[in-house]
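S.K.: One structure follows; several queries about it will come next.
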Amino acid sequence: MIVILGPTASGKTQIATRLAAHIGGEIISADSRQVYRRMDIGTGKDLGEYGDVPYHLIDICEPGTKYNLFQYQQDFHKAYDDIVSRGKKPILCGGTGLYIEAVLKGYQLAPVPENPELRKQLEGKTLQELTEMLTELKRRNGSVMHNTTDVDTSQRAIRAIEIEMGEGSRKSVQPATPVIQSPSVFGVSIDRELRREKISRRLRARLDEGMVEEIQGLLNEGIPPENLIYYGLEYKYVTLYLTGQMSYDDMVSRLEIAIHQFAKRQMTWFRGMERRGISIKWLPAPQTEEEMQKTIELIINNSKFKIQNS
């Protein structure tokens, strides 16, 4: 399997789809929010980039539900087995480092059910209090796999605490023999200032394309605001604006800052993956068609499985 990872706005999807078209591959998404239907603009699905390239794990569940890592692993292996069984080449592409790492390292996950009693006890606590509680639990359990960098709402923090306190939480994540043998992992590295410029430009484009209207439509469907806020970033800040909790200008400003911070956290996670034993070949983000072609050739030449008829 080839893996293309990188921070938001790095151009990884374009690289992956161009590569897939060249080698007869299929994309498996590694994005924790693109799994939701009708959440298109805010999650940056950019489905037009795929052309005729088949993709998997996009638009597979309804907004308002809480898709998780355990479900992702199950769905990933179904998609992977299906692609390989048809003689096609799987390309895992995305920016959710936790999903990618769990797949590559073959982590065994035990599902942790909701705990109504615990949730009642935690109700009313501030996000800071919940974060401090989670940090202490992680320290006691020696847990490193639950990603607290995205715990930016009370709902997410409570769920993370629930997982840490769940029965057998110390054994809920444990290394196993990796299912994917010898993956070729490539990271898209983009200059910090260029990344910031692209993030800002893309945010304004998405607002012009109707992102606010998209999220208003989800609210009109009856999806509770707190469920959309749970998804973070665009869905958090636009929902806060639509429910009268902040002005439009404040929403845009705070959202832009949050996306920049998110991209930085993504890179921190990827560097952590390298420290935890995953080899990532970093490639500069292509800015021209010529650079894109060279990037595709470089990936093909450095992949561990033989690509025929390329």
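S.K.: For residue 26, list long-range residues whose amide hydrogen, built 1.01 Å from N in the peptide plane, is under 5 Å from its own amide hydrogen.
M.R.: Excluding prolines and chain starts, which carry no amide H, the hits are 89, 91.
S.K.: In whole Å, what is the distance between the alpha-carbon centres of segment 225-278 and segment 5-30?
M.R.: Using only Cα atoms to place each centre, the spacing works out to 22 Å.
S.K.: Could you point to the residue in 269, 48, 61 farthest towards the positive end of the chain's charge dipole, with +1 and -1 charges on the Cβ of Lys/Arg and Asp/Glu respectively?
M.R.: Checking the options against the dipole of the chain, the answer is 269.
S.K.: Further question on the same structure: Percent relative contact order of the chain, based on C-alpha pairs within less than 8 angstrom and at least six residues apart?
M.R.: 26
S.K.: Also: Residues of the chain: accessible area per residue at 1.4 Å, in Å²?
M.R.: Each residue of the chain exposes 49 Å² on average to a 1.4 Å probe.
S.K.: Turning to a different aspect of this structure: In the Gaussian network model of the chain, springs joining C-alpha atoms below 10 Å, which of 79, 205, 157 carries the largest mean-square fluctuation?
M.R.: Greatest mean-square fluctuation among the candidates belongs to 205.
S.K.: What three numbers, in Å, describe the spread of the alpha carbons of segment 235-305 along their principal axes, ordered from the longest?
M.R.: Principal axes ranked by extent give 53, 34, 18 Å for the Cα atoms.
S.K.: Please list 10-19, 272-281 highest first by mean number of surrounding beta-carbon atoms within 10 Å per residue.
M.R.: Descending mean neighbour count gives 10-19, 272-281.
S.K.: Let me spell out the model: positive unit charges on the Cβ of Lys and Arg, negative unit charges on the Cβ of Asp and Glu, origin at the Cα centre of the chain. What dipole size does that give, in debye rounded to 20?
M.R.: 1160
S.K.: Place the peptides 27-33, 125-131, 37-43 in order of packing, highest mean first, counting for every residue the other Cβ atoms within 10 Å and averaging per peptide.
M.R.: 27-33, 37-43, 125-131
S.K.: Which residue fluctuates the most in the chain, going by a Gaussian network model with Cα springs under 10 Å, if the choices are 65, 96, 239?
M.R.: 65
S.K.: May I pose another question? Pull out a ≥ b ≥ c, the square roots of the eigenvalues of the alpha-carbon gyration tensor of segment 1-109, then state rounded if a/c is under 1.5, prolate if not and a/b is larger than b/c, and oblate in the remaining case.
M.R.: In terms of gyration-tensor shape, rounded.
S.K.: For the chain, which whole-number percentage of the solvent-accessible area (1.4 Å probe, protein heavy atoms only) is attributable to carbon and sulfur atoms?
M.R.: 47
S.K.: May I ask you to evaluate 6.51 cos²θ - 1.76 cosθ + 1.60, the Karplus curve with θ = phi - 60°, for each residue of segment 36-52 and list the ³J(HN,Hα) values in order in whole Hz, giving x for glycine and proline?
M.R.: Those phi angles translate into 8, 5, 6, 10, 9, 5, x, 8, x, 5, 6, 5, x, 5, 6, x, 8 Hz.
S.K.: Let me ask something else. Just for the chain, what percent of DSSP beta bridges are antiparallel, to the closest 5?
M.R.: Just about 10 percent of them are antiparallel.
S.K.: If you don't mind, there's one more thing I want to ask. Give me, ordered by chain and number, the residues 5 or more places off residue 281 or on other chains with an amide H under 5 Å from its own placed amide H.
M.R.: Hits under the 5 Å cutoff: 185, 186, 187.
S.K.: If amide H atoms are built 1.01 Å from N in the plane of the peptide, which residues on other chains or at least 5 residues away come under 5 Å of the amide H of residue 59?
M.R.: Those qualifying (amide H under 5 Å, at least 5 residues apart or on another chain) are 35, 36.
S.K.: Now a separate question. If one puts a single equal scatterer on every Cα of the chain and applies the Debye formula without solvent, what log₁₀ I(q)/I(0) results at q = 0.10, 0.11, 0.15 Å⁻¹?
M.R.: Treating every Cα as an identical point scatterer, log10 I(q)/I(0) equals -0.58, -0.71, -1.33.
The values are calculated or read from the model by the stated rules, or taken from the named source; none is laboratory data. These numbers come from a predicted model, not from an experiment. Here Cβ is always computed from backbone atoms with ideal geometry, including for glycine, and neighbour counts include all displayed protein chains. Please note that ligands, DNA and RNA were not included when accessible areas were found on the heavy atoms of the full protein model with its side chains. Shrake-Rupley method; radii C 1.70, N 1.55, O 1.52, S 1.80 Å.
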